[in-house]
Amino acid sequence: SAVISQKPSRDICQRGTSLTIQCQVDSQVTMMFWYRQQPGQSLTLIATANQGSEATYESGFVIDKFPISRPNLTFSTLTVSNMSPEDSSIYLCSVEMASGRSSQETQYFGPGTRLLVL
Amino acid sequence: QKEVEQNSGPLSVPEGAIASLNCTYSDRGSQSFFWYRQYSGKSPELIMFIYSNGDKEDGRFTAQLNKASQYVSLLIRDSQPSDSATYLCAVILGNTGKLIFGQGTTLQVKP
């Protein structure tokens, strides 16, 4: 599996501000994804970060609120814009890679960014 | 009906016992199934994947898939306190190709 890092690991922000989260992978990957995990909940896919084109957003998520960049095959950013306390969550990036023991594509997750909005 | 369903638990088992975690899914066309483990405050870690009917074993873990019943399970043999975590079932839906997660089952292994 790849080594995936995220910055920042955690942050406390004021409502109305924006935060950009970075995701870096140590190898080139085609597919990168952004998820949200609200307190006590499971993971919800926000969008697929496409290299060289606009991200593909899931129902309930829009580009104005969660702009995403994917400038190359090892890096992506997610911005949480005009934040409110409801945006308090863990934000996770993931990459899709073949498992070392087979050709099955699987998703591996970064360590996450813990965001608290006051 | 949720696309992927799990009992949230907590499931409590004594150390050394077999823990059985279950998951059902709604899309009959789904082909790939995954189990992730998530410790409190950490990100999900892939344990196993399975895509053929039957059992797949890896150390103390066995994944079981029954596509006819739309059911996937994870057995943990000789459970250890370090296995205490939330176990997430995830399915690639046949109709969208997206990875969808269940709510997760919290497992507590008591010494």
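Observations
- Förster radius 22 Å - calculated FRET efficiency between A:E86 and A:D64, Cβ distance, rounded to 0.05: 0.90
- Of all lysines in the structure, those lying under 30 Å Cα to Cα from B:K67, and not within fewer than 8 positions of it along the same chain, are B:K2, B:K56, B:K98.
- Percentage relative contact order, chain B, counting C-alpha pairs under 8 Å, at least six apart: 38 percent
- For A:Q28 and A:T79, the difference between the fully extended length at 0.36 nm per residue and the C-alpha to C-alpha distance is 16.2 nm.
- Label positions at A:S5 and A:Q104, each projected 7 Å from the Cα along the C-beta direction, are separated by 3.1 nm.
- Gap separating the Cα centres of the stretch A:50-85 and the stretch B:96-111, nearest whole Å: 26 Å
- Sites counted here are trypsin sites (Lys or Arg not before Pro) in a DSSP loop (not H, G, I, E or B) having no more than 15 other Cβ atoms within 10 Å; the longest part of chain B that contains none of them is B:3-27.
- Ascending count of other beta-carbon atoms within 10 Å, so fewest first, for A:L92, B:L93: B:L93, A:L92
- Exposed loop sites here mean trypsin sites (Lys or Arg not before Pro) with a DSSP loop assignment and at most 12 other beta-carbon atoms within 10 Å; chain A contains its longest site-free run at A:16-100.
- Using Cβ point charges alone (K and R +1, D and E -1), the dipole size of the protein assembly as shown about the Cα centre works out to roughly 200 debye.
- Three-way shape call for the stretch B:27-111 based on the alpha-carbon gyration tensor, with the a/c threshold at 1.5: oblate
- The B:L75 and B:Q31 beta-carbon pair, evaluated with R₀ = 22 Å, returns a calculated FRET efficiency of approximately 0.55.
- Rounded, prolate or oblate (a/c below 1.5 giving rounded, otherwise prolate when a/b exceeds b/c) for chain A by Cα gyration tensor: prolate
- Applying a 4.7 Å Cβ-Cβ cutoff to chain A leaves A:C13 as cysteine residues with no disulfide-compatible partner.
The numbers here are math on the coordinates, done by the rules we state, and not lab data. Computed from a predicted model, the values in this text were never measured in an experiment. Here the Cβ is made from the backbone with ideal geometry for all residues, glycine too, and neighbour counts use every protein chain on show.
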